[in-house]
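To keep things clear, I will list the structure first and then write my remarks on it.
Bear in mind these aren't lab numbers, they're just calculated from the coordinates by the rules spelled out. These numbers were taken from a predicted model, which means no experiment stands behind them. All Cβ positions, even for glycine, are placed from backbone atoms using ideal geometry, and neighbour counts span all protein chains on display.
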Amino acid sequence: MISAEKIPNNVNLSGNKRLQRALEHWQPKYIQWWRDMGPQGFQDYHQVYVRTAVSVDPEGWAHFEYVKLPEYRWGIFLADPVHDRRIGFGDFFGQPVWQEVPGEFRNQLRRLIVTQGDTEPASVEQQRLLGQRCPSLYDLRNLFQVNVEEGRHLWAMVYLLHSYFGRDGRDEAEELLERQSGNRDKPRILEAFNEPIDNWLDFFMFTMFTDRDGKSQLMSLSESSLDPLSRTTRFMLTEEAHHMFVGETGIARILERTCQLMKEAGFSEDVRKVGGIDIPTIQKHLNQWFSLSLDLHGSEVSSNAASYFANGLKGRAKEETFDEHVVRDAYYHMEYFENGKAVTKDVLMRNAMNEVLRDWYVGDCEAGVIRWNRILEHYGISDRLRLPDRKFNRNIGMYSGFHFDPHGVALTKDEWERRKFEWLPSQADSEYLLSIMAEPIYEPGKFANYIVPPRRGVNQQPIDFQYVRTEQ
Ligand code: BYC
């Protein structure tokens, strides 16, 4: 069970006074950050019907109540330990997992934890204006649920930094509150987390594709030999599932409304005349967030990734499903881009671990796109959404600096500049989206014209439930 202390936790925090004091010192800075950089306009006078973890078992984290956002009980929750857990991959395969950080891997682990931690507050910052343009109270609640959980994921990483990295860890925890998404001087570490998310199409694409990168990265970190990291990320994954649900169903609901409007208005392009979001615009935003999220997996060939794997710090998603876990001599056959030319090449598997994880990620995304396309099929519409080629719009790895269309056909720089807005959102597209989202919908049970209501409400509540209420 989670304790009812100032910082809720299931790690016996009160048994470690030094750590408790350090985290209690960080807590007010976190709250200040949340107030300054969290959901704008929803800090003091609104109560939100959110899920709060009261224990880590399935019943315990499905507890719902109204809370004011800054009073959400952020805390530290680790999945239960696995008895006699052994290292599942790399050079130390089969040895007992570590309860402390080995000195020789301290820097690498710190870097992984800081990179992961940095994304969490970044996403809250990116989404802070969306409440003022929400399509319904149901969606507003979902946005805030995602936001408070990202805040809790930051707590999860800060707990590890404070517990296992001494002074350096405490400094890193401070810096996690100092960098800011999109800030010119102190940006967030990874590129996708500096992109603005000021409309709900981007929010749903982000929770579909970028949170899914969260899932693949957390799955690989949950294999880690550092047991507290594994237990922390295992619990985070239970929350991540909801975020992807928000993204996938959000886009599905927009698509369904688009189909309805197309039936009324004729072709897809005409849908804008009746306030809907046309399929080409949906495809452009898909292209953008999928390609940005591919970048989040790192370079195709990476000595960092090889070393994380060899040292047992970061494994593959579902490591137990692979036959061989040491992977010293295996090769990975991959498309390779050399001197501006595509060739295929065998690369040492350990060096290709980012690409192996990206394969898993692309497969998971593809399944989601197939589900979306069923809606188009159902309405008898012949258009289909599709994932762009992996080479499209890449800024990290061997394809960065080159240009490709969504089918993977190479383009010159001039061609790319001339045609890129056929495939990526233009200023005019963004302006259109903002125009149909200008008026937020705060009336229970009412939905913006560009999206259909969900099939069911949250926690068996009706769809017209007052998911967010105002308190004077
Ligand atoms: N942007 O060998 P490489 C989530 C840097 S999302 C900018 O390719 P490596 C969430 C890299 O730092 C999941 N820079 O990379 C979702 C390196 O720089 P240095 C977050 C980038 O280390 C939604 C250089 O390029 N989880 O949870 O193999 C809402 C060459 O690096 C980028 C993690 O990140 C980029 N995209 O792999 C909320 C897990 N990519 O050292 C949350 C922890 C690379 O040369 N992190 N660089 O200066 C990792 O596993 C690895 O750091 C990465 C990169 C997979 C990100």
For this session: Over all alpha-carbon pairs in the stretch 233-371, figure out the percentage whose distance exceeds 20 Å.
Result: 61 percent
Problem set entry | Sequence of 113, 87, 370, 451 once ranked by neighbouring C-beta atoms within 10 Å, starting from the fewest | 370, 87, 451, 113
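Where nothing but the Cβ of Lys and Arg (+1) and of Asp and Glu (-1) is charged, how large is the charge dipole of the chain around its Cα centre, in debye to the nearest 20? Working shown, then result.
On the way: 57 positive and 70 negative charges, 92 e Å.
With only Lys, Arg, Asp and Glu charged at Cβ, the dipole is about 440 debye.
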Problem set entry | Rg/Rg_ref, the stretch 355-433, where Rg_ref = 2.2 N^0.38 Å and atoms are Cα | 1.30
For this session: Output ³J(HN,Hα) for the stretch 216-228: one whole-Hz value per residue in order, computed from phi by the Karplus curve 6.51 cos²θ - 1.76 cosθ + 1.60 with θ = phi - 60°, and x for Gly and Pro.
Result: 5, 5, 5, 4, 6, 6, 6, 7, 4, 5, 7, 4, x
Exercise. Which of 356, 169, 196 sits farthest toward the positive end of the charge dipole of the chain, with +1 on the Cβ of Lys and Arg and -1 on the Cβ of Asp and Glu?
Worked result: 169
Problem set entry | Coordinate range along principal axes, alpha carbons of the stretch 392-465, Å, largest first | 53, 27, 18
Problem set entry | Charge-dipole axis of the stretch 182-328 as Lys and Arg at +1 and Asp and Glu at -1 on Cβ define it, positive-most pick from 262, 247, 313 | 247
Problem set entry | Over 31 Å between alpha carbons, listed pairs 68/273; 186/446; 68/420; 186/284 | 68/273; 186/446; 68/420
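Using the Cα centre of the stretch 76-172 as the reference point, and only Cβ charges (+1 on K/R, -1 on D/E), how large is the resulting charge dipole? Debye, rounded to the nearest 20. Walk me through the numbers on the way to the answer.
Values: 11 positive and 14 negative charges, 33 e Å.
So the magnitude is around 160 debye.
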For this session: Excluding residue 227 itself, calculate the net charge of residues whose Cβ lies under 10 Å from the Cβ of residue 227, where each Lys or Arg counts +1 and each Asp or Glu counts -1.
Result: +1
For this session: Would you be so kind as to identify which of 127, 388, 25 lies farthest towards the positive end of the dipole of the chain, taking Lys and Arg as +1 and Asp and Glu as -1 on Cβ and the Cα centre as origin?
Result: 25
Exercise. From the Cα gyration tensor of the stretch 422-472, with a ≥ b ≥ c the square roots of its eigenvalues, which class applies: rounded if a/c is under 1.5, or else prolate if a/b is larger than b/c, or else oblate?
Worked result: prolate
For this session: Give the cross-link partners of residue 17 among the aspartates and glutamates, using a straight C-alpha distance below 14 Å as the criterion and excluding same-chain residues fewer than 8 apart.
Result: 5
Exercise. Taking amide H positions as placed 1.01 Å from N in the peptide plane, with prolines and chain starts having none, which residues 5 or more places from residue 331, or on another chain, fall under 5 Å of its amide H?
Worked result: 349
Exercise. Can you give the net charge of the other residues whose Cβ lies under 13 Å from the Cβ of residue 328, counting K and R as +1 and D and E as -1?
Worked result: -2
Exercise. Between the stretch 356-412 and the stretch 194-271, what's the alpha-carbon centroid distance in Å?
Worked result: 15 Å
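Let me know the Kirkwood hydrodynamic radius for the stretch 314-459, please, with Cα pairs as the basis and the value in Å to one decimal. Before the final figure, lay out each step's value.
On the way: mean 1/r = 0.0510 Å⁻¹.
Kirkwood hydrodynamic radius for the stretch 314-459: 19.6 Å.
Could you order the peptides 186-194, 331-339, 157-165, 230-238 from most to least packed, using the average number of other C-beta atoms within 10 Å per residue? All intermediate terms of the calculation are to be shown ahead of the outcome.
On the way: 186-194: 18.1, 331-339: 14.0, 157-165: 23.7, 230-238: 21.9.
Output ranking for 186-194, 331-339, 157-165, 230-238: 157-165, 230-238, 186-194, 331-339.
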Exercise. Based on the alpha carbon coordinates of the stretch 134-266, what radius of gyration and maximum Cα-Cα distance (Dmax) apply, in Å?
Worked result: 17.7, 63
Seminar exercise, completed: In Å, the C-alpha Rg and Dmax of the chain are 22.5, 67
For this session: Give the Rg (one decimal place) followed by the Dmax (whole number) of the stretch 45-131, computed from C-alpha coordinates and expressed in Å.
Result: 18.3, 54
